[in-house]
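*Asks:* Starting off with a structure, shown below.
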């Protein structure tokens, strides 16, 4: 059987192709350093909210920004931080991911609040742009104000 035909007929492969939708990255210049931020996937977003669950008020939003950036920073000066995604063995990939995230988290904790806010705002705008791209494909991401008021 032709491998290309098999691939096209594989429902899991088709579902996997959907994971590419909504993914965006953006280079943000900070002084002489270029930080690449990107949208985060559902698993990483879940981890962000789990990490923030014990916080409330202002501390919740501060932690939310730090955790989001921990997953959203993809590269620095074109050097990829998320290279762990290319590791084939699950155990090795998860160990490398954990190590990278721990290092990023330690660094983010030393940053000025203004820098965190700036990068978080850039990443949040990127996420909004991603939603607009999905909506152009007919995928309604969030409810409009009209829909909310009718419920």
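Laboratory data are not the source of any read-out in this text; all were calculated from the coordinates shown. Treat the numbers as computed from the prediction; the structure is a model and nothing was measured.
*Asks:* Among 28, 141, 37, which one moves the most in a GNM of the chain with springs linking Cα atoms closer than 10 Å?
*Replies:* Maximum fluctuation in the GNM of the chain, among the listed residues, is at 141.
*Asks:* For every helix of n ≥ 4 consecutive DSSP H residues, a contribution of -39,500 (n - 2.57) applies; sum these over the chain, divide by its total residues, and give [θ] at 222 nm rounded to the nearest 500 deg cm²/dmol.
*Replies:* Result for the chain, helices only: -19000 deg cm²/dmol.
*Asks:* Shifting gears a bit: Rounded to the nearest Å, what's the spacing between the alpha carbon centres of region 14-39 and region 75-148? Just the number, please.
*Replies:* 7
*Asks:* What length, rounded to one decimal in nm, is gained on full extension from residue 41 through to residue 115, with 0.36 nm per residue of separation minus their alpha-carbon distance?
*Replies:* 24.3 nm
*Asks:* Quick one: compute a quarter of the convex hull surface over the Cα atoms of region 24-122 and quote it in nm².
*Replies:* In nm², the orientation-averaged hull projection of region 24-122 is 6.6.
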